[in-house]
Amino acid sequence: MGGLPSQLLLLRGFSQNLVKKAITPYHTGFFAKTDSRAALGSLNGIVARYQWSVEGNGGLGSCDLTAIIMQTNKAPQRRLGWNSSWNAVEEKLSKLS
């Protein structure tokens with residue numbers, strides 16, 4: 001088990017067994033164009049937030065990227081019913097345990 005998603009979930013306090021159970025089906029990823037302009041707009045907004053946070057904290061060479069990722073995932077998102085990404089992940093993972 002490895003990679004950034006696993007590390008972030010472990011840092012959030014999820015058990016190693018639960019993280020492994022959640023991550024295992026996703027060993028392979030693909031890239032594709034979206035057919036949703038709304039989803040693309042949301043993703044562009046998240047990318048802009050990351051860029052602003054990284055640049056505002058001294059750039060990639062000196063920022064605390066883990067802290068930026070954790071904070072960004074706490075932000076409410078309209079497409080999640082004003083829930084945060086972390087709350088959505090917790091909801092999904094609770095169904096696995």
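The values are calculated or read from the model by the stated rules, or taken from the named source; none is laboratory data. Quantities reported herein were computed from a predicted structural model and do not represent experimental measurements. Here the Cβ positions follow ideal geometry from the backbone for every residue, glycine too, while neighbour counts run over all protein chains shown.
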Exception for SER97 within (1) surrounded by 11 or more Cβ atoms within 10 Å (Cβ to Cβ); (2) in contact with a Leu (Cβ under 8 Å, 6 or more places away or on another chain); (3) not aliphatic (A, V, I, L, M) falls at (1)
Open item on the list: Yes or no: segment 81-90 includes at least one residue that is loosely packed, with under 11 Cβ neighbours inside 10 Å and more than 18 Å from GLN7 (Cα to Cα).
Closed with: yes
Picking from GLN77, GLN16, GLN71, the residue that is loosely packed, with under 14 Cβ neighbours inside 10 Å and farther than 22 Å from SER97 by Cβ would be GLN71
Scanning segment 1-22 residue by residue, those under 17 Å from ALA88 (Cα atoms) and modelled with pLDDT under 85 turn out to be PRO5, SER6
Exercise. SER6: touching a residue at least 12 places away in the same chain (Cβ under 8 Å), more than 20 Å from GLN77 (Cα to Cα), surrounded by 11 or more Cβ atoms within 10 Å (Cβ to Cβ) and of a type in the set (Ser, Thr, Tyr), yes or no?
Worked result: yes
**Asked** Based on what the data block shows, is LEU60 under 20 Å from GLN7 (Cα atoms), without any contact (Cβ under 8 Å) to a residue 24 or more places away in the chain, surrounded by fewer than 14 Cβ atoms within 10 Å (Cβ to Cβ) and over 13 Å from the mean Cα position of the chain (by Cα)?
**Response** yes
Inside segment 20-47, the number of residues satisfying the requirement of being closer than 21 Å to ASN73 by Cα, of a type outside the set (Val, Ile, Thr), without any contact (Cβ under 8 Å) to a residue 40 or more places away in the chain and surrounded by 10 or more Cβ atoms within 10 Å (Cβ to Cβ) is 7
